[in-house]
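Chemist: Sharing a structure with you now.
Bear in mind these aren't lab numbers, they're just calculated from the coordinates by the rules spelled out. Remember, it's a predicted structure, so these values are computed and weren't measured experimentally. Reconstructed Cβ throughout: ideal geometry from the backbone, glycine too, with neighbour counts over all protein chains shown.
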Amino acid sequence: MVTENIFRTPTEVERAEMKLVGNKDLAYHFRKKNIAKEQEYTEKHEPYCFRCAKVDFEKAVSDTMREKQLNTNEDLEIDTDKFYKVDLEKYGDIKRFKLIRTQPVKEDKLMDGIRNSVLTGYSISYQCVERGCNICVFVPLDVYEERNKPAKDKTSK
């Protein structure tokens, strides 16, 4: 028996039931924005709570969908623009985190044929006060010293 593939254009009813494969949905766009924001904070050597942003987004979407199911008014439109315009800056606010500990990071370097342990930076551990997410940020030595240098007193010369 020979198998033949017959291709035809789908009807309107069939097209309404189809799901496009590879189509970028709302979660894809949010994940892309969230990853970009996390990368921005990583480059600045500051904490960013990726998990809280993801959980809050998923909760907002599920609450909206639940409201859509419970509401019998068929004219209810879902405002997807509010999901695209979410403020991710609040997940990187330093007030959102509690400092757990600061540990020096040392690496072995070969100097004049001798292996020495050299301080390259600090690993700063934070905990998100919202959900308790643990976040560790590596801060290079020069950035750490700049952030923690004492302020010059204007009265002393």
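Chemist: Taking a quarter of the surface of the convex hull around the Cα atoms of segment 24-148, what do you get in nm²?
Modeler: Values: hull surface 43.5 nm².
The number I arrive at for segment 24-148 is 10.9 nm².
Chemist: Now for a separate question. What ranking do 12-18, 64-70, 91-97 get when scored by the average of other Cβ atoms within 10 Å per residue, highest first? Intermediate values should be presented prior to the final figure.
Modeler: Details: 12-18: 8.0, 64-70: 10.7, 91-97: 16.0.
With the highest mean Cβ count within 10 Å placed first, the list reads 91-97, 64-70, 12-18.
Chemist: Around Gly121, which amide H atoms from residues at least 5 apart in sequence, or from another chain, sit under 5 Å from its own amide H, with H modelled in the peptide plane?
Modeler: It is Val105, Leu141, by chain and number.
Chemist: Further question on the same structure: Grab the other residues whose beta carbon is less than 11 angstrom from that of Phe97, score K and R as +1, D and E as -1, and report the net.
Modeler: Working: positive: Lys95, Arg96, Lys98; negative: Glu46, Asp93, Glu130.
Its environment carries a net charge of 0.
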